[in-house]
Amino acid sequence: MMKQTDDTRTIIETGRNVTMQTYAQFPLVLVKGEGRYVYDTEGNRYLDMVAGIAVNILGYGDPELSAQLKQVVEDGMLHCSNLYWNPYAVEAAQRLVELSGMERVFFCNSGTEANEAALKLVRKYGSAKKQGKTDIITMHQSFHGRTYGSMTATGQPKYQQAFKPLVPGISHVPFNDFEALKEAITESTCAVFIEPVQGEGGIIPAEDGYLEKVRALCDEHDILLVFDEVQCGMGRTGYAFAWQKSQVMPDIMTLAKALGGGVPIGALVATGKAANVLQPGDHAATFGGNHLAAAAACTVLKRLQDGKLLLQVQEVSKHLRTSLEQLKERFSQIEEVRGSGLMIGVQMSIPVRETLEQCMSSSLILANAGSQILRFVPPLTITHEEVDEAVAILTSVLERQLG
C-alpha cells in the first residue's frame, strides 16, 4: 500500500462518500501531467503507459494542444449549440474526411454515443431497404459501450446480466471466425460491427485476411460494415485508423478517446451508401463538436496528418514489442504478447491486479484488459528510453512477484 497524506486520504474518502461506486479505483489521486509522466497529490511521479486508457495520445502538457485550448477559452466561446456553424467542428470534420478518405462526420461526446449513432444509422438504412432488415451482428468479447444499445452490441455477458431485457435484434458470433459470421447472416441483417483490434476483450487483432472477407460478404448482401475504432483508432496502431493496415474501408467508423487528446469528443464517420442516411431530426448531441472539443480534435488530427507521429508509433512500438517478447522468454507466466502498434496486451497465466499495484508502487502505471492481461496503451509520443524505463520496472516487479 502506498503512503498517503491526510489530503490524499480526504479526497479519496470524500469521493467514496459522494460518488457512485462504479469504478474499482486505485488509491491514487492524479493532479498534474508532463510529457509521458503524471504526478499525484504526494508529488510522486509515474511513467504513464495507460494514457487515460488510450486517450492522451499527445501526452501531457503538449504545447500545441495547450495553446489551442487556451485560445478557445480566451475567445469566450466554449459552446454555441448545433443550431449554428462552428469553424472548429467544420475544420475537424474536414481533416477527418481527408485523413480517412471517407465522406461525412457527426460529432458527439464519447465512443458509446458514436456507437449509438451508428446503431441508429444502420437500422434506418436497413429498414429503408426492406421492412424488418434491422438485425445487427457483433463479435464475442467485443466492447462498444455501456448505454443500452452499445451494451447489447457488446459481446460480453458480464456487462449485461444485471440490466436485462436488452435491445432486441442484436446477436454475436466469435471474432475472427468468418464461417460463423457467414452462417449468421440472414435477409434481416443490416450491419456487422467489428473492432479491428478488440480492446476490452483482450487486445486481439483481426487475423490476416479476415476483414477483407467480411467486407466482401457485406457487399454481397448489402450489409453495412461498421468498424469501432474508439480505442484502436487515431494512430494507435501506427496508422491513422487501424483498418488502413488492411486497406479495408468500412461504411461507418466510430471514434472517440484519443480524438480530443483528453477533451471529450466522439465521432461517427460514414461514406458511400451510409453517408447521407441520417437527415435533420434523426439524431443530435447538444455538446457534440462544441468549440473546445472540436478545437482539440483539430490539433490531434493535424499531428496525425503530418505523418511524424505515425512514424514514431511504428518505430517505438517495434521496440516495445521486442522488449516484451524478451520478457516473455524470462517468465513462464507470460503466455503471449499480442496487439498492434502501441496497443499491446501481455497475456498472463495469473491475475494481474497485484502486478499493477506493485508497478504503481514502483512509479509505473499500467492497466489491465481482463483479469489476466496487462495492457500497454501509452501516449503516442513515448520514446525508446521511456519504453526501456517501463520494461525495467515491470521486470523488477515480476522478479519480486514471481521469483
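The values are calculated or read from the model by the stated rules, or taken from the named source; none is laboratory data. Every value quoted in this text rests on a predicted model; they were computed, and no experiment measured them. Glycine gets a Cβ as well: all are built from the backbone with ideal geometry, and neighbour counts include every protein chain shown.
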Worksheet entry | Subset of the range 285-308 (residues that are surrounded by fewer than 19 Cβ atoms within 10 Å (Cβ to Cβ) and closer than 25 Å to HIS384 by Cα) | LYS302, GLN305, ASP306, GLY307, LYS308
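For every residue, the table says whether it meets (1) in contact with a strand residue (DSSP E or B) (Cβ under 7 Å, 6 or more places away or on another chain); (2) of a type in the set (Phe, Trp, Tyr); (3) buried (at least 24 other Cβ atoms within 10 Å of the Cβ).
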site: SER340; (1), (2), (3): yes, no, no
site: VAL346; (1), (2), (3): yes, no, yes
site: ILE350; (1), (2), (3): no, no, no
site: GLU357; (1), (2), (3): no, no, no
site: SER361; (1), (2), (3): no, no, no
site: THR381; (1), (2), (3): no, no, no
site: GLU385; (1), (2), (3): no, no, no
Practice prompt. Scan the range 171-188 for residues that are surrounded by 20 or more Cβ atoms within 10 Å (Cβ to Cβ) and touching a Gly at 6+ places or on another chain (Cβ under 8 Å) and jot them down.
Written response: HIS172, PHE175
Worksheet item: Pick from the range 1-39 the residues that are over 24 Å from LEU342 (Cβ atoms) and charged (D, E, K, R): which of them is surrounded by the most Cβ atoms within 10 Å (Cβ to Cβ)?
Response: ARG9
Worksheet item: When the residues of the range 40-89 are filtered to those that are surrounded by fewer than 17 Cβ atoms within 10 Å (Cβ to Cβ) and touching a Phe, Trp or Tyr at 6+ places or on another chain (Cβ under 7 Å), which remaining residue is farthest from THR5 (Cα to Cα)?
Response: HIS79
Worksheet item: Out of ALA51, ALA67, ALA24, which single residue is at pLDDT below 95 and of a type in the set (A, V, I, L, M, F, W, C)?
Response: ALA24
Discussion item. Could you tell me how many of the residues in the range 352-403 are in a loop (DSSP other than H, G, I, E, B), more than 23 Å from the chain's Cα centre (by Cα) and not polar (S, T, N, Q)?
Written reply: 1
Discussion item. Need pairs with beta-carbon distance below 7 Å; first residue under 15 Å from ASP75 (Cβ atoms) and within the range 284-311, second hydroxyl-bearing (Ser, Thr, Tyr) and at pLDDT 95 or above; sequence gap 6+ or separate chains.
Written reply: HIS291/TYR88; ALA294/TYR88; ALA295/TYR88; CYS298/TYR88
Discussion item. Suppose we filter the range 81-93 for residues that are touching a residue at least 24 places away in the same chain (Cβ under 8 Å) and over 27 Å from the mean Cα position of the chain (by Cα); how many remain?
Written reply: 0
